Amino acid sequence: MASPRLPLEGIRIVDLTIVWAGPSGTVFLGDLGAELVRVESLQHPDVNTRGQTRIPKAALEGGGGGQFPKRDPGDRPWERSASFQYSGRNKISMTVDLERESGKEIFLRLVQKSDVVFSNYAAGTLEKLGLTYPVLREANPKIIMVYFPGFGLSGPYKYFKGFGTNMEALAGLTALRGYTDMDVTVNGSVFQADAAAGAMGAFLTLLALHHRNRTGKGQFIEMSQAETTLHHLSQAWFQYAMNQRLLDPMGNRDGAAAPQGVYRCSGDDNWVAITIEDDKMWATFCDVIGRPELSHDPRYADIVNRYKHQDDLDPIIAAWTQDKRHYDLMHLLQGRGITASAVISHREIFDDPHLQARGFFKQVELPGVGLFPHAGPVYKMSKTPLKEPHRAPLLGEHNEYVYKTVLGYSEEEYQQFVRDQHIGDTYIDLLPKPQGVSP
Amino acid sequence: MPFALDGVKVVDLSHHIAGPYCTKLLADYGAQVIKIERPDGGDPARRMGPFLKDDPHPEKSGPFLHLNTNKKSITLNLKTELGKKILLDLVEDADILVENFHPRVMPSLGLDYPVFEARNRRIIMTSISNFGHTGPYRDYKMSEIEAYAMGGVMHATGMPEREPIKLALTVEQFFVGNVAAAASMGAFIGALTSGEGQQLDLSIMEMQVGHQDRGIANLITYQYSGQPTFRRSRELFRTIMPNGVYPTAEGYAQFSGGQLAWWPRFCRMIDRLDLIDDPHFTTPENFYNNPEVRAEVEAFFYEWLFQNTKQEAMEKAQAEGYLAGAINTMEDVFNDPHLAARNFFVKIDHPVSGTLKYPGPPFIMSETSWKPGRAPLLGEHNREVYCARLGFSSEDLVRMREQGVI
């Protein structure tokens, strides 16, 4: 039986994305069946997405290089980094130099054959290349252009560099997390904003595709990742908007459920998270830990008092968890209707029985490395299973297909583009220098 | 200007945060969302603080007001036969049904996907749950902290000698809502072509493992080299360049950048042009893994930090192309010149909570609009939906209320 048609089959997306938020946005659309054409340059390596083209020996010493198979970057490290195996999943790669007129012509021909141009390049980049929405629309009146630099396309921070970390800082997320007894300088990097912006980028693209399907009209969509993140901080936003007060970081606690925390378990660096949501759960929990008298103690009688006295409760709970396995505690507590989970480490995820039972991991083949499990699409559809993950593309791996099949160039034209260094599989500055040229 | 989702009908059985954020995104871009609430108190988010002037009133919850903009609210008891019949009548005419009950709830009411499919072949049923609809953890409970803990990223968040620590507030649940909105739209577009709907099974755990932060890249790293991602303090970053959160003369600021190519930007930022070409800093042996040289650079950096406020430090860094951001409080956010210039603060009026500033559109579309609407009162649209749309009379409504249906 032929596999059912995926929702975005036949949709071609020009992928001009870097780092994490943009690439992960198109990954969502690829799961739904869209063809993702990563447009790359032999002249300007995309080190932010594929990683460095040369790895200094010093960077590999002292336990570095873990992002490469067996810590070996090989001759072509830009095709092997762990990060790119996700951000390039299910994508195809073409190369073209967008800084030359001939490259722009090739690109606009691709725009004519595509449905969406999706980019999170820094603001100003596409303008400098002369590839703005009016130019793209002239090539293809129905094109949808999605552009989401870190801080949007207007305002005083327009040209600021934006990573998840500093967008979260500006949006207020960083100041709202962390240990309550330490200052914010120990808050290491987390990139929640990038992950969320990727999902939002996929959503808005689908809105625009739906509108185009109904009306025949393309459009231009602008997103600021910092603004997307602000929607996620609803409680802090409205505490200020309504009462002009700030929320303090709460560490692992929660004003609506107490006690709540992360407690040490047996073994090396193993932890369990426990949330007591109400009085009934508290009574059960006291019973489970062999301290039924605590449920009658007026200091812990209700959420208000348990929250107030959680400093007294934490050592009692930790003393109970410390000699037990984290997974055992999750099953024990959940079996009694108490909200709890192991704090799962990367070592454990692949062996998690639940993820295995749901077939979450898929085997993906990486050339020269072999098969490795790759997290599947993050949701399941009952009738049209999403696309299985396929490894990230080699640089320029799909030039033949894109130039000849999609764009209709002849073999002679193709060879000319090779000589012009639009087409290739190695960055120009890594090629051996032509002979006869004095050093 | 039209809306991208003009004419799209959504039946919203969801509650709390993740499901309502999904349907808010659909409603704000023009879908007609009917939010079905329990007659006894409605969506539990109505009891979620903060509240206007600390008054725990069901129409004054900040998160509820935010999460339910542009929806119509009806009350309906799904445990009654009439309640079920009404739900099926609404689904018959709808495009998308969103729910985030525990997986056992809908089937126990006799309301699972095949029942909806029999009434409407095109219906998309978006089911969001803690661990998905299959597997050994299916019935396990989860709140924000467990969601983060089960995804693998929390184990690597925090200080090495301390317990792993969650992120702020309920950001993971918002993230889940965002993914659910994208997944719903994907399936909906498919159904318009094929004429066939389907059920989406979204597991919060899988969204965490498979997409949160760089978790998935770190998982691949682990397979490549056995290197787990671990909790680390700022001092453990590998080069001499600043990376992390630092104090300034006033407040804190975040800096990112570890690559040699950015060394000149760093030197220009701290106004030490003399260091740019100094091999003492730029030879790889000193640039990577050399604590003494790192201490020298930190000394220059701190001297500069204490001459600048967090806002000045960010602006100077960004002017040189070094990645930085002020660590803002919500008060700073409300006074931020960039957000003000982009008109991100939108005033929305509400009959009980009055006019408040809400976060504006998460993205701006050139041909279609975003709607600055308000959240509904509990059961505000009972009459409109039950009488005008489904043909019940005013007397019927009285009887339905008496019998606890609405």
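Structure summary
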{"quantity": "FRET E, pair A:Ser382, A:Arg336, Förster distance 35 Å, beta-carbon r, rounded to 0.05", "calculated": "0.60"}
{"quantity": "Cα-based shape type of the range B:313-377, given that a ≥ b ≥ c are square roots of the gyration tensor eigenvalues and the cut on a/c is 1.5", "calculated": "oblate"}
{"quantity": "Potential extension, A:Arg100-A:Ser410 segment - 0.36 nm per residue separation minus Cα distance", "calculated": "109.6 nm"}
{"quantity": "The range A:90-139 versus the range A:256-289: alpha-carbon centroid distance in Å", "calculated": "53 Å"}
{"quantity": "Over 33 Å [Cα-Cα, chain B], rounded percent", "calculated": "46 percent"}
{"quantity": "Whole-angstrom gap from the range A:225-244 to the range A:330-408, using each part's C-alpha centre", "calculated": "33 Å"}
{"quantity": "Only Lys, Arg (+1) and Asp, Glu (-1) charged, at Cβ; the protein assembly as shown dipole about Cα centre in debye", "calculated": "1600 debye"}
{"quantity": "Fully extended contour minus Cα-Cα distance, from B:Ser366 to B:Gln307, at 0.36 nm per residue", "calculated": "17.0 nm"}
{"quantity": "Net length gained if the chain between B:Glu331 and B:Asp139 were fully extended (0.36 nm per residue, minus Cα distance)", "calculated": "65.1 nm"}
{"quantity": "Virtual spin-label span in nm between A:Asp297 and A:Thr426, 7 Å along Cα→Cβ", "calculated": "7.0 nm"}
{"quantity": "Amide H within-cut-off set for B:Ile124, under 5 Å, with H built and near neighbours excluded", "calculated": "B:Ile96, B:Leu97, B:Gln198"}
{"quantity": "Hypothetical label at B:His57: residues of the range B:337-359 whose amide nitrogen lies under 18 Å (7 Å Cα-Cβ projection)", "calculated": "B:348-357"}
{"quantity": "Gyration tensor (Cα) of the range B:235-328, equivalent ellipsoid semi-axes in angstrom", "calculated": "21, 13, 11"}
{"quantity": "The protein assembly as shown: C-alpha pair distances exceeding 44 Å, %", "calculated": "26 percent"}
{"quantity": "Spin-label pair B:Lys85/A:Val288, simplified geometry with 7 Å Cα→Cβ offset, distance in nm", "calculated": "4.3 nm"}
{"quantity": "Efficiency of FRET between A:His44 and A:Arg76 - r from beta-carbon atoms, R0 22 angstrom, step 0.05", "calculated": "0.85"}
{"quantity": "Over chain A, equivalent-ellipsoid semi-axes from the Cα gyration tensor in Å", "calculated": "47, 25, 22"}
{"quantity": "Number of partner chain Cβ atoms within 10 Å, mean per residue of A:85-93", "calculated": "2"}
{"quantity": "Given A:Lys104/A:Lys142; A:Lys91/A:Lys158; A:Lys113/A:Lys158; A:Lys217/B:Lys347; B:Lys141/B:Lys347; B:Lys53/B:Lys310, the pairs whose alpha carbons are separated by over 25 Å", "calculated": "A:Lys91/A:Lys158; A:Lys113/A:Lys158; A:Lys217/B:Lys347; B:Lys141/B:Lys347; B:Lys53/B:Lys310"}
{"quantity": "Test item: A:351-357 mean partner chain Cβ contacts at 10 Å", "calculated": "6"}
{"quantity": "Label-point separation in nm, B:Ser394 to A:Thr180, each point 7 Å along Cα→Cβ", "calculated": "5.3 nm"}
{"quantity": "Total charge dipole magnitude, chain A, about the Cα centre, Cβ charges on Lys, Arg, Asp, Glu only, Debye to nearest 20", "calculated": "920 debye"}
{"quantity": "Pairwise FRET efficiency - A:Glu400 versus A:Arg5, Cβ, R0 = 30 Å, nearest 0.05", "calculated": "0.70"}
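All of the numbers you see were taken from the coordinates with simple rules; none came from a lab. All values reported here derive from a predicted model rather than from experimental measurement. For neighbour counting, all protein chains shown are included, and Cβ atoms are generated from backbone atoms with ideal geometry for every residue, glycine included.
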